[in-house]
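Trainee: The structure's right below; bear with me while I get my questions together.
The values are calculated or read from the model by the stated rules, or taken from the named source; none is laboratory data. Note that the structure is predicted; figures quoted are calculated from it, not measured. Ideal geometry is used to build each Cβ from the backbone, glycine not excepted, and the neighbour counts take in all protein chains shown. For the accessible areas, the whole protein counts, side chains as well, though only heavy atoms, and no ligand, DNA or RNA atoms are used. Shrake-Rupley method; radii C 1.70, N 1.55, O 1.52, S 1.80 Å.
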Amino acid sequence: MFRDKVTPTLILASSSPRRQELIRMLRLPVQVLASDVDESVPDNWEPHTIVEELAVRKAAAVQAALNIQDSEAQGGTARQIIVGSDTIVVLNGEVLGKPRDQADAVRMLRLLQGRSHQVFTGLACLDTGCAGCHSESVQASGSQSIIRLGEVGQYRIISRDALAGQPESIVGHTVSRVAFSPMSEAEIQAYVETGDPLDKAGSYGVQGLGSVFIEKIEGDFYSIMGLPLGLLYRVLLELGVSPLGWNGNKA
């Protein structure tokens with residue numbers, strides 16, 4: 001299953017401190033290269049399609065940047081696996097991304113307080129060892145067999161190395177549910193004024209001060225935080241990478 005004994009470098013396509021903290025928990029070499037992509041999507045897209053598509057866009061943008069760097073250097077690089085991720089909060093079908101400003105954060109928290117909502121997190125992994133075999137869009141990748149991980153996550157292989165037949169691009173997502181405690185207007189205003197909600201989907205962070213308002217979680221805590229580690233682990237295994245050891249044997 002494992003391709004070689006050389007440890008690849010994971011390239012995290014995100015500037016999020018939370019995702020950087022999480023990916024380093026795998027104890028693999030990590031490089032951070034933030035991506036800047038268009039995050040607009042059609043209004044009729046399902047939440048899982050949104051997060052998968054944006055995860056792929058982020059990873060593909062970083063891959064393009066790395067290809068330019070390699071071309072300028074006129075040489076190849078060691079094996080790298082690009083990891084893209086995206087998270088959205090969904091309440092009764094309405095997608096709640098990052099707030100535009102404090103007023104928007106207040107609006108979202110008013111909607112969430114005292115209710116349950118879903119958190120969708122998308123994951124895309126691209127192996128840079130495969131030149132030109134990656135799809136830049138989930139929508140263009142066709143239909144593939146879905147591998148389910150319990151009740152929370154799933155993934156599918158969207159491209160393979162044309163010669164070796166090995167998986168090279170994999171995309172998936174997780175779905176978790178979060179129940180918020182009722183919040184007073186004073187609590188909402190005070191929380192927003194801390195600045196903590198302003199860079200987070202749904203205007204709260206499960207790992208920070210926002211945790212005091214969370215009544216119950218059903219699903220994957222790390223997905224809600226921004227990077228589905230369990231799903232990432234399984235996807236890396238598909239790519240022939242084991243975070244548990246490099247002796248060439250399946251853990």
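Trainee: Under a Cβ-Cβ cut-off of 14 Å, what is the net charge of the residues other than Arg177 that fall near it, where Lys and Arg count +1 and Asp and Glu count -1?
Mentor: -2
Trainee: As an exercise, use a Förster radius of 30 Å and the Cβ-Cβ distance of Glu151 and Arg115 to find the FRET efficiency, rounded to the nearest 0.05.
Mentor: Using R0 = 30 Å, I get an efficiency of 0.90.
Trainee: HN-Hα J couplings of segment 34-43 from phi, Karplus 6.51/-1.76/1.60, θ = phi - 60°, integer Hz, Gly and Pro as x?
Mentor: Using θ = phi - 60°, the values come out as 5, 10, 10, 10, 6, 9, 6, 9, x, 5 Hz.
Trainee: Separate question: Using amide H atoms built in the peptide plane, which far-off residues or other-chain residues are under 5 Å from Arg160 H to H?
Mentor: Glu168
Trainee: Ordered by residue, what ³J(HN,Hα) values in Hz, to whole numbers, does segment 83-96 give under the Karplus form 6.51 cos²θ - 1.76 cosθ + 1.60, where θ = phi - 60° and Gly and Pro are x?
Mentor: 3J(HN,Hα) across segment 83-96, in whole Hz: 10, x, 8, 8, 10, 9, 9, 10, 10, 6, x, 8, 7, 10.
Trainee: Okay, moving on. If amide H atoms are built 1.01 Å from N in the plane of the peptide, which residues on other chains or at least 5 residues away come under 5 Å of the amide H of Ser116?
Mentor: HN-HN under 5 Å from Ser116: Phe180.
Trainee: Each residue of segment 15-27 in order: what ³J(HN,Hα) in whole Hz does its phi give by Karplus 6.51 cos²θ - 1.76 cosθ + 1.60, θ = phi - 60°, with x for Gly and Pro?
Mentor: Working through the residues one at a time gives 9, 5, x, 5, 5, 5, 4, 5, 5, 6, 5, 6, 6 Hz.
Trainee: Given the Cα-Cα distance of Phe221 and Arg107 and 0.36 nm per residue of separation, how much length would full extension add, in nm?
Mentor: 38.6 nm
Trainee: Give me the distance between the Cα centres of segment 221-236 and segment 28-61, rounded to whole Å.
Mentor: Comparing the Cα centres of segment 221-236 and segment 28-61, I get a distance of 15 Å.
Trainee: Leaving out ligands, DNA and RNA, and with a 1.4 Å probe, what % of the accessible surface on segment 187-229 is carbon or sulfur?
Mentor: Carbon and sulfur atoms account for 50 percent of the accessible area of segment 187-229.
Trainee: Per residue, how much accessible area does segment 171-220 show when a 1.4 Å probe rolls over the protein heavy atoms, in square angstrom?
Mentor: 42 Å²
Trainee: With r defined as the distance between the Cβ atoms of Gln166 and Ala78 and R0 fixed at 25 Å, what FRET efficiency is calculated, to the nearest 0.05?
Mentor: 0.90
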